[in-house]
1. Solvent-accessible area per residue for the chain at a 1.4 Å probe radius, Å²?
2. Which distance in nm do the two modelled labels at I89 and N171 give, with both placed 7 Å along the Cα-to-Cβ direction?
3. Where the centroid of each part is defined by its Cα atoms, how far is the stretch 32-63 from the stretch 120-185 in Å?
4. Heavy atoms only, 1.4 Å probe, whole protein assembly: order S83, S179 by accessible area, highest first.
5. Highest mean first, what order results for 145-154, 128-137 on Cβ atoms within 10 Å?
6. Angle check, please: helix 2-20 long axis (alpha carbons) against the longest principal axis of the chain (alpha carbons), in degrees 0 to 90, nearest 10.
7. If you take the square roots of the eigenvalues of the alpha-carbon gyration tensor of the stretch 68-185 and sort them as a ≥ b ≥ c, do you get rounded (a/c under 1.5), prolate (a/b over b/c) or oblate?
8. Could you tell me whether the stretch 90-157 comes out rounded, prolate or oblate from its Cα gyration tensor? Rule is a ≥ b ≥ c as square roots of the eigenvalues, rounded for a/c under 1.5, then prolate if a/b exceeds b/c, otherwise oblate.
Amino acid sequence: MKQFYLKSLLLLLFTTIGIIAFAYEDVTIAGIKYRLYSDTSEKTAEVRWSNYSGAIAIPSSVDYNDITYSVTNISDQAFSECSALTSIIIPHSVTSIGSWAFRYCSGLTSIIVENGNAHYDARNDCNAIIETSSNTLIAGCQNTIIPNSVTRIGSYAFWGCSGLTSITIPNSVTSIGYSAFSDCI
């Protein structure tokens with residue numbers, strides 16, 4: 001009887017570990033570092049940190065080893081401290097942007113979110129990333145124009161944007177998050 005319980009416990013343990021384990025691979029495709037997840041029927045990709053510079057246009061999908069992965073996430077600190085990053089285009093496929101993704105991007109002058117993104121936008125060509133559901137500006141750059149529809153500036157939204165020279169905050173903004181303008185010289 002003890003053997004039966006021990007075998008059952010081991011089977012349960014290994015089954016649980018198998019469910020928790022994720023199959024992923026870190027790769028660089030066309031200069032962008034991704035973590036590719038292939039543990040489910042939906043193959044997804046997450047943009048990872050690297051020392052990016054210049055203009056970056058994140059594609060909505062990438063192909064690797066004859067498999068197409070949908071680019072759905074930008075990881076925590078993905079572009080952090082990329083002071084030579086000048087512009088970025090976020091595709092319609094991105095559903096999640098991690099914390100501090102654009103911290104210390106002091107050279108960032110252009111942010112575009114593709115039309116059709118259900119989670120983020122750059123309404124009125126504001127040059128920022130706005131979380132659509134909460135009307136929260138989560139990342140801005142040197143020359144962001146905050147639209148009247150934004151109600152909140154998120155924590156660390158302009159963190160380390162040393163090139164920021166002027167900003168107008170509309171009356172619609174009722175809350176400014178912690179350290180939203182930290183290290184903006």
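1. Numbers: 10110 Å² over 185 residues.
Value for the chain: 55 Å² per residue.
2. 3.7 nm
3. 25 Å
4. Numbers: S83 65, S179 40 Å².
Final ranking, largest accessible area leading: S83, S179.
5. Values: 145-154: 18.0, 128-137: 20.0.
Going from most to least packed, we get 128-137, 145-154.
6. 30 degrees
7. Values: a/c = 1.60, a/b = 1.16, b/c = 1.39.
Verdict is oblate for the stretch 68-185.
8. Details: a/c = 1.28, a/b = 1.17, b/c = 1.09.
Rounded, since a/c falls under 1.5.
The values are calculated or read from the model by the stated rules, or taken from the named source; none is laboratory data. Just so you know, these numbers come straight off a predicted model, no measurement behind them. In this analysis, Cβ positions are derived from the backbone assuming ideal geometry, glycine residues included, and neighbour counts consider all displayed protein chains. Heavy atoms of the whole protein, side chains included, go into the accessibility calculation; ligands, DNA and RNA do not. Shrake-Rupley method; radii C 1.70, N 1.55, O 1.52, S 1.80 Å.
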